[in-house]
Amino acid sequence: MHEITLCHHAMEIMQQHARQNHARRITAVWFEIGAFSCVEAESLRFCFDMVCRGTLAEGCELHLLEQQAQCWCHDCRADMQLLVPQVLVCPQCGGRNLRVQADDGLQLKRLEIE
């Protein structure tokens, strides 16, 4: 479970930005999960709640934006989103000649403080 490590690193960044802006607390945070990141949203939620205890982010709202893999199939010339990005097969024609565009990380997109 690498989600706990990701949460610890994210918390360091969040608290650093909050302190730089003289915040009393962090009220909400938005993360974008890349389609190829191998981050499980529910595990991230669980770990995030644990990491927030006793910090400026305790009780903050966590918003997760799960990215879809965008694909172009060269065989059937279709543009689509892959629902299961680990399976690189065109859902329309079964072809494997795909151009895939997707992130493989976790990004902190927005931080709300007071």
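Looking only at the range 13-34, which residues are open to solvent by 70 Å² or more (accessible area, probe 1.4 Å), assigned to a loop (DSSP other than H, G, I, E, B) and not polar (S, T, N, Q)?
The answer is HIS22, ARG24, ARG25.
What about GLN92, is it in a strand (DSSP E or B), touching a strand residue (DSSP E or B) at 6+ places or on another chain (Cβ under 9 Å) and among the polar types (S, T, N, Q)?
Against the criterion (in a strand (DSSP E or B), touching a strand residue (DSSP E or B) at 6+ places or on another chain (Cβ under 9 Å) and among the polar types (S, T, N, Q)), GLN92 does not qualify.
Looking only at the range 69-89, which residues are loosely packed, with under 15 Cβ neighbours inside 10 Å, not in a strand (DSSP E or B) and not β-branched (Val, Ile, Thr)?
HIS74, ASP75, CYS76, ARG77, LEU83, GLN86, LEU88
Could you say which residue among SER37, SER43 is surrounded by fewer than 16 Cβ atoms within 10 Å (Cβ to Cβ) and within 12 Å of the chain's Cα centre (by Cα)?
None of the other options fit; the residue is SER43.
Return yes or no: is GLU66 within 30 Å of ALA18 (Cβ to Cβ), open to solvent by 30 Å² or more (accessible area, probe 1.4 Å) and without any contact (Cβ under 8 Å) to a residue 24 or more places away in the chain?
no
Restricting attention to the range 69-114, which residues are of a type in the set (Val, Ile, Thr) and free of Cβ contacts under 8 Å to residues at least 24 places away in the same chain?
Listed by number, the residues that qualify are VAL84, VAL87, VAL89.
The values are calculated or read from the model by the stated rules, or taken from the named source; none is laboratory data. Here the structure is a predicted model, which means the values were calculated and not measured. Virtual Cβ from ideal backbone geometry, glycine too; neighbours counted across all protein chains shown. Areas reflect the complete protein model, heavy atoms only, side chains present, ligands, DNA and RNA absent. Shrake-Rupley method; radii C 1.70, N 1.55, O 1.52, S 1.80 Å.
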